[in-house]
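**Q** Could you have a look at this structure, given as structure tokens, before my questions?
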Amino acid sequence: MIEVKIPATSANLGSGFDALGLALTLYNTVYMEEWDGADIASLDGVEVPAGEDNLIFATAKRLYEICGKPFRGMRIRQKNDIPMARGLGSSSACLVGGLLGANTLLGKPLGTEDLLNLSAALEGHPDNVAPALLGGLVTCAMEEGKVYSVSVPVARGVHFAALIPKAPLPTSHARSVLPQSVSRADAVYNLSRAALMTSSLFSGALENLRVATGDRLHQPYRMGLIKGSDAAFRIARELGAYGVYISGAGSTIMAIIDKQNAGFAQEIERRLMMNGVFGWTVRLLESDPSGAVALATAT
Ligand code: HSE
């Protein structure tokens, strides 16, 4: 039996649409072993597909096929701490979990680079799967099916407050509202800020993050899909967040805060409710430095 632990991820960081992502200290855990057919269950009451359409099962099967190995089936047990369809990389965690678990069961025929290329091809963009596999703050680009990426640590003393709405937002919908083309001015606006984001979050030039989270490619089109997001941005800034952005495709709003900002989580929960924004949960997270890990376990 293989146990795989996969971190949540927060893509885009505002300006780095489909190019930047960050691994977080919130995890899904998957237990996998070879089995006859599909035996899939959740260990924590979160409803998961129990058939061959289960994403972990399907990606594990795909990896066996790619490696030319016969696939009998898989017994899978899942613990899903990463909330689904909230912009925290839950589907990437399943993809990476399935690939890494299957690769480990087969004796690691593929290396990390192969798994990264494969998971990005399956997901369609690399900015969640790359940090899920590599950990840290990842800058990535895809060219001719290959992912080019660098993972760096986040500066010390930075925390990430995930403001998680009750309502999910499917990525397919959040992508469907985006324009097909953008102006040169908007492209330059974003690429300058995305470059500023990586260097600032890595080096600790945190005063740049308010500008570095600025975006004209996706957030302006997605804000209207997330009820309460305007209030969340405003209050997070009032409470001293360095930067605020829609995590991935949403619906989570991420506030980058100082570790010393101890009252932030409790206060923003209170202020959201005072502003008529109900049902949101706040998770205080740090950057995960190492990415997904797979271990052989006895049970
Ligand atoms: N970069 C992606 C998006 C992340 O914003 O649509 C969500 O998977």
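**Q** Can you compute the FRET efficiency between residue 258 and residue 41 using 1/(1 + (r/R0)^6), with r the Cβ-Cβ distance and R0 = 45 Å? Round to the nearest 0.05.
**A** 0.65
**Q** If you average the sequence gap of Cα pairs under 8 Å that are 6 or more apart and divide by the length of the chain, what percent do you get for the contact order?
**A** It comes to 27 percent, rounded to a whole number.
**Q** Over the range 10-127, calculate the relative contact order: mean separation of alpha carbon pairs under 8 Å at least 6 apart, over the residue count, as a percent.
**A** 31
**Q** For the range 167-299, just say rounded, prolate or oblate: build the C-alpha gyration tensor, square-root its eigenvalues into a ≥ b ≥ c, call rounded for a/c under 1.5, and beyond that prolate if a/b exceeds b/c, oblate if not.
**A** Rounded, since a/c falls under 1.5.
**Q** Name the shape class, rounded, prolate or oblate, that the alpha-carbon gyration tensor gives for the range 185-231, where a ≥ b ≥ c are the square roots of its eigenvalues, rounded holds for a/c under 1.5, and otherwise prolate holds if a/b is larger than b/c and oblate otherwise.
**A** It comes out oblate by the Cα gyration axes.
**Q** Still on this structure: Could you order the peptides 255-263, 45-53, 162-170 from most to least packed, using the average number of other C-beta atoms within 10 Å per residue?
**A** Per-residue mean Cβ counts within 10 Å order the peptides as 162-170, 255-263, 45-53.
**Q** Could you work out the per residue convex hull volume over the alpha carbons of the range 57-124, in cubic angstrom?
**A** Value for the range 57-124: 90 Å³ per residue.
**Q** So what's the gap between the Cα centers of the range 162-215 and the range 48-66, to the nearest angstrom?
**A** If you average the Cα positions of each part, the centres end up 32 Å apart.
**Q** Hey, another quick one. Round to the nearest 10 and give me the degree value, 0 to 90, for the angle of helix 229-238's Cα axis relative to the longest principal axis of the chain.
**A** On a 0 to 90 degree scale, this one is about 60.
**Q** Still on this structure, I have one more. If you build a Gaussian network model of the chain, linking Cα atoms that sit under 10 Å apart, which residue out of 129, 158, 182 swings the most?
**A** Fluctuation is largest for 182.
**Q** Sticking with this structure for a sec: Quick one: give the max-minus-min coordinate of the C-alpha atoms of the range 1-123 along each principal axis, largest first, in Å.
**A** That works out to 45, 33, 21 Å along the principal axes.
**Q** Here's another thing I want to ask about it. In 5 Å bins starting at 0, how do the alpha-carbon pair distances of the range 237-299 split up by percent?
**A** Result, from short to long distances: 4, 13, 21, 23, 15, 7, 6, 6, 4, 2, 0 percent.
**Q** Which values, in whole Å and largest first, are the semi-axes of the equivalent ellipsoid of the chain obtained as the square root of 5 times each eigenvalue of the Cα gyration tensor?
**A** Taking √(5λ) for each Cα gyration eigenvalue gives 32, 21, 17 Å.
**Q** Quick one: what Rg and Dmax do you get for the range 127-185 from the alpha carbons, in Å?
**A** Just the Cα atoms of the range 127-185 yield Rg and Dmax of 15.5, 38 Å.
**Q** Compute the acute angle (0 to 90°) between the alpha-carbon long axis of helix 184-203 and the principal axis of greatest extent of the alpha-carbon atoms of the chain; round to the nearest 10°.
**A** 80
**Q** With viscosity set to 1.306 mPa s and temperature to 10 °C, compute the Stokes-Einstein D of the range 1-48, Rh being the Kirkwood radius across alpha carbon pairs; µm²/s, no decimals.
**A** 119
**Q** Any of 146/259; 79/146; 146/227; 227/259; 61/108; 69/146 with alpha carbons more than 25 Å apart? Name them for me.
**A** 146/259; 79/146; 146/227; 227/259
**Q** Using the Karplus curve 6.51 cos²θ - 1.76 cosθ + 1.60 with θ = phi - 60°, work out ³J(HN,Hα) for each residue of the range 123-131 in order, rounded to whole Hz, and write x for Gly and Pro.
**A** Ordered by residue, 3J(HN,Hα) equals 7, x, 8, x, 6, 9, 5, 5, x Hz.
**Q** Is the range 89-160 best put as rounded, prolate or oblate by its Cα gyration tensor, with a ≥ b ≥ c the root eigenvalues, rounded for a/c under 1.5, and otherwise prolate when a/b is larger than b/c, oblate when not?
**A** Prolate, since a/c reaches 1.5 and a/b exceeds b/c.
**Q** How many nm is it between the label spots at residue 52 and residue 143, if each spot is 7 Å from the Cα in line with the beta carbon?
**A** 3.9
Any read-out appearing in this document is the output of simple, stated calculations on the displayed coordinates, not a laboratory observation. This is a predicted model, so every value here is computed, not measured. Methodologically, a virtual Cβ is constructed for each residue, glycine included, from the backbone with ideal geometry; neighbour enumeration extends over all protein chains shown.
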